[in-house]
1. Collect the residues in the range 70-84 that are surrounded by fewer than 16 Cβ atoms within 10 Å (Cβ to Cβ) and more than 19 Å from D128 (Cβ to Cβ), keeping them in residue-number order.
2. Is it the case, given these coordinates, that L139 is buried (at least 24 other Cβ atoms within 10 Å of the Cβ) and touching a residue at least 60 places away in the same chain (Cβ under 8 Å)?
3. Listed residues F95, F87, F43, F91; which is buried (at least 20 other Cβ atoms within 10 Å of the Cβ) and of a type in the set (F, W, Y)?
4. List, please: which pairs have Cβ atoms under 6 Å, are six or more places apart or on different chains, and start with a residue in the range 91-103 that is farther than 15 Å from A21 by Cα and end with one that is part of a loop (DSSP other than H, G, I, E, B) and of a type in the set (A, V, I, L, M, F, W, C)?
5. Quick check: is even one residue across the range 58-74 over 27 Å from D145 (Cβ atoms) and either within 17 Å of the chain's Cα centre (by Cα) or of a type in the set (A, V, I, L, M) (or both)?
6. Of everything in the range 121-137, what is part of a loop (DSSP other than H, G, I, E, B) and out of contact with any Ser or Thr (no Cβ under 8 Å at 6 or more places or on another chain)? Give them in sequence order.
7. Restricting to the range 1-29, and then to whatever is free of Cβ contacts under 8 Å to residues at least 40 places away in the same chain and among the polar types (S, T, N, Q), can you tell me which residue is nearest to D159 (Cα to Cα)?
8. For the range 157-178, give me the residue count where each residue is in a helix (DSSP H, G or I) and surrounded by fewer than 17 Cβ atoms within 10 Å (Cβ to Cβ).
Amino acid sequence: MKNINMYKLVLRALFLIGGAALNGFAIGLCNQSGWGADAITVFYGGLSSTFNITVGAASTCTAIGMLILAGIIDWRQLGLGTLITPFFTQFGIDFAMGLIPHQQGWITFVMFACGLLLMAIGIAAMIDANLGKFSYDALILGLVDKMKKPFHMIRWTCDILLLVSGMILGGSVTIGTFVAIFALGKLIPFFTNQFNLRFKMQNKEQYS
């Protein structure tokens, strides 16, 4: 029994770390495609431009701020994973943006689509690990629980607020940003429900 529990804990930790790094890589991939990425990435870009820091560092600063807000709204969404995932996400972003050059032509759309798909899978993996949500997901899930609204509605509302804030700070917005906002609101709960290796989650009905 003890070995089984340890195996599950290690598996959940791998889901968490792998999901965070994958999410960061996907953000970098979308950025390098030229199509943009989701709303929070626009906010990262705005912070990066305003304060002259890397996009990865901007993601970590944003995560810390959202961690505080999430703790105020619903501290039960937080955990060890909330503290460590920003650093793996930052690594994924900076790694992808350093590895993959900007592209042109039809390949950019393929990069963008793959980026969105990988982002949704990465976020779903972090949620399924249930070791503490990524700060943005913790904030959203806390609001879902408090307001009793569907996940995608809360996600879209938060995304719009981040989008406007990012634009004010000088972040770049493209048609891909709006596609990402709509797509991720649906893809994340889809992958969360479709994982073959699924962990028991609290309040699972909130994804309906």
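The values are calculated or read from the model by the stated rules, or taken from the named source; none is laboratory data. What you see is a predicted model, and the numbers here were worked out from it, not measured in a lab. Don't worry about glycine lacking a Cβ; one is built from the backbone with ideal geometry, like all the others, and counts go over all protein chains shown.
1. Those that are surrounded by fewer than 16 Cβ atoms within 10 Å (Cβ to Cβ) and more than 19 Å from D128 (Cβ to Cβ): I72, W75.
2. It is true that L139 is buried (at least 24 other Cβ atoms within 10 Å of the Cβ) and touching a residue at least 60 places away in the same chain (Cβ under 8 Å).
3. F43
4. The qualifying pairs do not exist here.
5. yes
6. Within the range 121-137, N130, L131 meet the criteria.
7. Filtering the range 1-29 for residues that are free of Cβ contacts under 8 Å to residues at least 40 places away in the same chain and among the polar types (S, T, N, Q), the one nearest to D159 (Cα to Cα) comes out as N5.
8. 8
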